[in-house]
Amino acid sequence: MTKTVRVAVTGAAGQVTYGMLARLASGEVFGPETQVILQLLEIPKDPSRQGLQAMDILEGVVMELDDCSFPTLKDVVITDDPMKAFDGANFALLVGSFPRKQGMERKDLLDINGKIFVGQGKALAARAAKDVRVVVVGNPCNTNCLVAYNNAKGIPAEQWSALTRLDHNRARTALAKKAGVPNADVTRMTIWGNHSNTQYPDFTNAKINGKPATEAITDRAWLEGTFVPMIQKRGAAVIEKRGSSSAMSAANGTIDHVKGLVTATPADDWVSMAVVSKGEYGVPVGMVFGYPCKTDGKGNYTVVEGLSLDAFGKGKFDATLKELTEERESVKALLG
Ligand code: NAD
Ligand code: LMR
C-alpha cells in the first residue's frame, strides 16, 4: 500500500451516498494499492428535534463500513463541520443538498440549495488539498458547482466538475436497447449542457459498434421525439415510480465519473462531464456546461472539440445554454 487518498463526501447519510461509500472504500475506484480515508459531512444535530437525525444515520452507515472490513479503508471521519470534512481532501464529492420532490423542477432547488455551496466553496478553498478534484452531484448540480467554484478562490477551474454521467449512462442504455446491442457497443455519447430536462443527449455524434448511431437506428422520429425527451425527463420518471429521486443509478454515475477522472478515457470514446467552460462551442467562459471530455487518468480532462451539431441539435444546445444562462443570472448574488 503506497498511496493514501482523502475523499470528502457531503450528504453522507443520504440515499445517493449510501450507494457510493462501499464502492469508494473497496478499492474499486482507487485500486487495491491505495488506502482510502473517507471524510463524511452531514448537517448538525438539532437538539430540539425528536427521532433519528442525519448524524445518527451516519453513525449507522459507519458501522456498516466497519462491518465490510475493506483492506483499503484506512479511516472514516464523520463531522458536521465542512472545514474538518474538507481538510486535506483530494476528492470532494458534493452530494449534500435537498433532492427534488414530485412536481418540482431543478430551478425550484436553486434557492434552497445554492446557499449551501457558498459555504462549502469557501471551506474547500481554505482546507482541501491543492490537487483536490471537486465533483458536484447535489442539484441543480451545474449551478451549484458554479456557485461553489466562484466562492473557492484559489482552486483552479480545471478541478471542478458536475455530474452528467448518469444522463450519459441513461442515454447509452436507451440507444443500446433500441439497436438491440450490448450497452458497451454504444460509445461517444455526449450530454450537452445542463443536468436538467433541457439537456441534449446527442445521438448524432454517438457511435454504435464504431459506426454512427443514426446508421444503426434509422428511425429519426424515435430519436428526436422519444429518445431525447425520455432522457431529459428520466429523473422525473424515476421520482414518479420510486417516490424519491434516483439513488442507486446516481451513485453509480458518480462512481463512473470519479473512475473516469482516475482512469484515462479509451482512445475511441469519451465521457460526459459538466465542467467550467473556457468558451468551447461558444459557451460563455466560466459557465458550468456539459461537454464531451477525455481524461488522462490523473484527474485532468480536455473538452473534445470540433464536433458538429445539425439544426435539431443546435436548437437543443441553444435551449440548454439559455436555461443555464438564466440559472446563472438567478444566483448572481451568490457568486462572490
Ligand atoms: P437525501 O435527502 O437522501 O440526502 C441528502 C443528504 O444531504 C441528507 O442526509 C441531508 O441531511 C444532507 N445535507 C443537506 N444539506 C447539507 C449540507 N449543507 N452539508 C452536508 N450535508 C447536507 O438525497 P439524495 O437522494 O441522496 O440526493 C442528494 C442530492 O443529489 C440531491 O440534490 C439530488 O437532487 C441530487 N441528485 C443528483 C443527480 C445527478 O445526476 N446530478 C442524481 C440524483 C440525485
Ligand atoms: C436524476 O436525474 O435522477 C436526479 O437529478 C433527480 C432529479 O431531480 O431529476
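Give the calculated FRET efficiency between residue 264 and residue 335 to the nearest 0.05, with a Förster radius of 25 Å applied to their Cβ-Cβ distance.
On the way: r = 33 Å, r/R0 = 1.32.
Approximately 0.15, to the nearest 0.05.
With each label modelled as a point 7 angstrom along the Cα→C-beta vector, the residue 45-residue 83 pair spans 2.2 nm. Helical content alone sets the calculated 222 nm signal of the chain at -11500 deg cm²/dmol, taking -39,500 (n - 2.57) per DSSP H segment of four or more residues and averaging over every residue. The angle separating the long axis of helix 141-150 from the principal Cα axis of greatest extent in the chain is about 60 degrees.
Between the range 202-231 and the range 300-336, the C-alpha centres lie 21 angstrom from each other. How far apart, in nanometres, would the label points at residue 183 and residue 115 be if each is projected 7 angstrom from Cα along the Cα-to-Cβ direction? It is 3.8 nm. With everything on Cα atoms, drop me the angle between helix 106-127 and the longest principal axis of the chain, reported from 0 to 90° to the nearest 10. Helix 106-127 and the main axis of the chain meet at about 50 degrees.
Put a dot 7 Å past the Cα of residue 68, heading toward its Cβ, do the same for residue 312, and the two dots end up 4.1 nm apart. Divided by 2.2 N^0.38 Å, where N counts the residues, the Cα radius of gyration of the chain comes to 0.96.
Compared with the dominant Cα axis of the chain, that is its longest principal axis, helix 54-68 is turned about 80°. For residue 270, the residues 5 or more places off, or on other chains, whose built amide H falls under 5 Å of its own are 188, 189.
Per-peptide packing, taken as the mean over residues of other Cβ atoms within 10 Å, places 92-101, 68-77 in the sequence 92-101, 68-77 from highest down. Please work out the Cα center distance from the range 108-143 to the range 25-76, rounded to the nearest Å. What the calculation gives is 20 Å, centre to centre. Peptides 242-253, 183-194 ranked from most to least packed by the mean count of surrounding Cβ atoms within 10 Å: 183-194, 242-253. Residue by residue, the range 277-292 carries 3J(HN,Hα) couplings of 5, 9, x, 4, 6, x, 6, x, 4, x, 6, 8, 10, x, 9, x Hz when phi is fed to the Karplus relation 6.51 cos²θ - 1.76 cosθ + 1.60 (θ = phi - 60°); x denotes Gly or Pro. Residues considered: 12, 125, 148. Largest GNM mean-square fluctuation over the chain, using C-alpha springs under 10 Å, is found at 125. If R0 is taken as 41 Å, the Cβ-Cβ distance between residue 131 and residue 221 corresponds to a FRET efficiency of 0.30. 3J(HN,Hα) couplings calculated from phi for the range 157-165 with the Karplus curve 6.51 cos²θ - 1.76 cosθ + 1.60 (θ = phi - 60°) are, in sequence order, 3, 5, 9, 10, 7, 10, 8, 10, 6 Hz; Gly and Pro show x.
Just so you know, all these numbers are worked out from the coordinates, no wet-lab data involved. Remember, predicted model here, so these are calculated numbers, not experimental data. Don't worry about glycine lacking a Cβ; one is built from the backbone with ideal geometry, like all the others, and counts go over all protein chains shown.
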